[in-house]
Amino acid sequence: MQTLEFPNDPLPWQVEQSDYIHRERWFTVRKDAIRMAGGGYIPDYYILEYPDWINVVAVTTAGDLVLIRQYRHGVAGVHYELCAGCIDPGEDPLAAAQRELLEETGFGGGTWQPLMTLSANPGTHANLTYCFLALGVEKLQEQELEITEEISVHLIPRAEVLPLLDSGQVMQSLHAAPLLRYLVGGH
């Protein structure tokens with residue numbers, strides 16, 4: 001990931017103290033005391049630490065996008081999403097993306113490339129989301145869902161994806177952005 005730098009960019013903050021408020025795999029909160037280069041001081045700056053995530057814009061050999069639907073308790077609703085998941089400790093992001101697509105949808109194969117890297121909120125989240133584009137995927141097996149996963153798989157023609165986004169049927173911003181990148185990227 002290339003980062004642009006300019007001579008007048010703000011300087012990084014200095015962490016004077018860091019304490020963990022809560023530590024679990026799915027919810028870790030850290031409180032930092034921050035000193036800014038210009039002299040400002042923030043005694044209680046909260047950071048959420050999650051494992052890095054992946055998601056996949058998967059396109060079948062017929063040109064349909066492989067989307068999923070599942071209930072999301074935070075918004076109490078079911079919407080279209082990309083296949084997505086956490087990267088296991090020590091796992092390569094591409095390997096995680098290929099594993100998640102196969103487990104959640106039964107689709108795999110094809111050619112893979114990085115699409116973009118995102119942050120849910122760079123102000124408060126310490127993790128990244130690695131987005132991949134998988135072209136020419138095919139159904140290889142049945143889903144292998146965990147007991148906590150209830151996922152339906154949908155093949156959506158490319159022409160129907162933008163209307164889904166426009167109508168609010170894709171709520172997850174980390175999924176909407178790579179879908180839009182795919183649609184405008186000329187792939």
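Things worth noting here:
- Rg to Rh, two decimals, where the chain supplies the alpha carbon set and Rh follows Kirkwood: 1.03
- Considering only Pro89, Pro157, Asn8, the residue lying farthest towards the positive end of the dipole of the chain is Asn8, judged by Cα position with unit charges set on Cβ.
- The residues of region 35-114 expose, per residue, 45 Å² of accessible area to a 1.4 Å probe.
- Mean ellipticity per residue at 222 nm, deg cm²/dmol - from DSSP H runs of n ≥ 4 across the chain, formula -39500 (n - 2.57): -5000 deg cm²/dmol
- Leu145/Ile21 FRET efficiency (R0 35 Å; Cβ-Cβ; nearest 0.05): 0.60
- Residue among Thr28, Pro178, Leu140 farthest towards the positive dipole end of the chain, charges placed on Cβ: Pro178
- The Rg/Rh ratio for region 52-154 is 0.96, where Rg is the radius of gyration of the alpha carbons and Rh is the Kirkwood radius.
- Ranked by the mean number of other Cβ atoms within 10 Å per residue, highest first, peptides 177-185, 73-81 order as 177-185, 73-81.
- Fraction of antiparallel bridges per DSSP, the chain only, in percent to nearest 5: 80
- Between Gln169, Gln17, Gln113, the residue with the greatest mean-square fluctuation in the GNM of the chain (Cα pairs under 10 Å linked by springs) is Gln17.
- Computed from backbone phi, the HN-Hα couplings of region 87-92 come to 7, 5, x, x, 7, 6 Hz, rounded to whole numbers (Karplus: 6.51 cos²θ - 1.76 cosθ + 1.60, θ = phi - 60°; Gly and Pro given as x).
- Between the helical axis of 93-105 and the longest alpha-carbon principal axis of the chain there is an angle of about 50 degrees.
- Nearest 10 degrees, 0 to 90: helix 173-184 Cα axis against the chain principal axis: 60
- Euclidean distance of C-alpha centroids, region 138-187 and region 21-41, integer Å: 34
The values are calculated or read from the model by the stated rules, or taken from the named source; none is laboratory data. This is a predicted model, so every value here is computed, not measured. Counting neighbours? That spans all protein chains shown, and the Cβs are built from the backbone with ideal geometry, glycine included. These accessible areas exclude ligands, DNA and RNA; they are computed on the full protein's heavy atoms, side chains included. Shrake-Rupley method; radii C 1.70, N 1.55, O 1.52, S 1.80 Å.
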